Amino acid sequence: MIGCVPVHSGFRRWICGRGGPTVTDLIRRAAVFATSIHAATGQRLRYTDEPFIAHPMRVAELVAGTGARPEVVAASWLHDVLEGTPVTLAEINSVFGPDVASLVEMVTTPAKRSSDGMPGIVDHAQLARASAEAQTICIASLIDNAARILRHETRGRALYLHEKREILRDLGKGDAGLYMMAAMAIT
């Protein structure tokens with residue numbers, strides 16, 4: 001536990017461990033907030049059944065590894081809270097400020113849902129307009145999702161890879177090192 005919030009063991013190592021990324025108060029608050037809200041909604045990762053927070057934690061680790069500003073790392077922790085939780089953009093703005101809120105908004109899939117309730121349709125124009133920092137978060141998320149999905153998915157793998165290659169084309173302003181990692185992961 002950190003404070004009174006039960007956390008994923010990897011998060012505890014990331015926040016409390018030595019030799020990890022520099023953790024500012026803003027990053028710590030974002031990590032605790034995201035951990036708490038994803039746990040409260042009972043979200044789990046498909047295929048691995050890990051607590052959902054494992055995904056934002058890995059995304060934040062990747063983004064922190066690029067030397068990103070604390071606001072960008074904080075937004076990495078929060079990048080999925082507007083999807084599938086009751087958190088609003090206004091709340092993110094109030095708690096973490098307009099810079100973090102703007103980044104979270106740029107990386108949030110529009111509220112378009114298919115008839116079967118699957119996640120929203122990717123807005124390629126929105127991704128292309130996103131800042132380099134927001135695109136870096138998207139690339140890190142793609143890397144983590146690709147690793148898990150390609151390890152466990154067999155039937156939809158070809159379609160998944162095609163969709164992710166299309167998305168990656170929109171993310172050319174993001175961190176070049178992560179972009180190359182993503183390109184290698186989905187080829």
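The values are calculated or read from the model by the stated rules, or taken from the named source; none is laboratory data. Since this is a predicted model, take the numbers as computed values, not measurements. No Cβ is skipped: glycine too gets one built from the backbone with ideal geometry, and neighbour counts run over all protein chains shown. Each accessible area value is taken on the protein alone, full model and side chains, heavy atoms only, with ligands, DNA and RNA left out. Shrake-Rupley method; radii C 1.70, N 1.55, O 1.52, S 1.80 Å.
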- [ ] Report, by residue number, each residue of the range 57-93 that is in a helix (DSSP H, G or I) and in contact with an Asp or Glu (Cβ under 6 Å, 6 or more places away or on another chain).
- [x] 58, 59, 71, 72, 89
Task: Subset of the range 128-172 (residues that are touching a Phe, Trp or Tyr at 6+ places or on another chain (Cβ under 8 Å), under 21 Å from residue 99 (Cα atoms) and in a helix (DSSP H, G or I)) - done: 139
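Can you name the residue in the range 117-153 that is of a type in the set (D, E, K, R) and open to solvent by 50 Å² or more (accessible area, probe 1.4 Å) and is also modelled with the lowest pLDDT among such residues? Reasoning before the result, please.
Within the range 117-153, the subset of a type in the set (D, E, K, R) is 123, 129, 133, 144, 148, 151, 153.
Checking the rest, the ones that are also open to solvent by 50 Å² or more (accessible area, probe 1.4 Å) come to 129, 133, 151.
Values: 129: 93, 133: 98, 151: 81.
Top of the filtered list is 151.
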Task: Within the range 161-187, considering residues that are more than 18 Å from the chain's Cα centre (by Cα) and closer than 11 Å to residue 146 by Cα, the one surrounded by the fewest Cβ atoms within 10 Å (Cβ to Cβ) - done: 187
TODO: Determine, yes or no, whether residue 54 is of a type in the set (A, V, I, L, M), surrounded by 14 or more Cβ atoms within 10 Å (Cβ to Cβ) and at pLDDT 95 or above.
DONE: no
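Modelled with pLDDT under 95 and under 20 Å from residue 58 (Cα atoms), is that true of residue 157?
Against the criterion (modelled with pLDDT under 95 and under 20 Å from residue 58 (Cα atoms)), residue 157 does not qualify.
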Open item on the list: Pairs needed: first member in the range 120-136, over 14 Å from residue 109 (Cβ atoms) and among the β-branched types (Val, Ile, Thr); second member anywhere, modelled with pLDDT of 95 or more and surrounded by 16 or more Cβ atoms within 10 Å (Cβ to Cβ); C-beta distance under 8 Å; at least 6 residues apart or different chains.
Closed with: 136/63; 136/66; 136/68; 136/72; 136/174; 136/175; 136/178
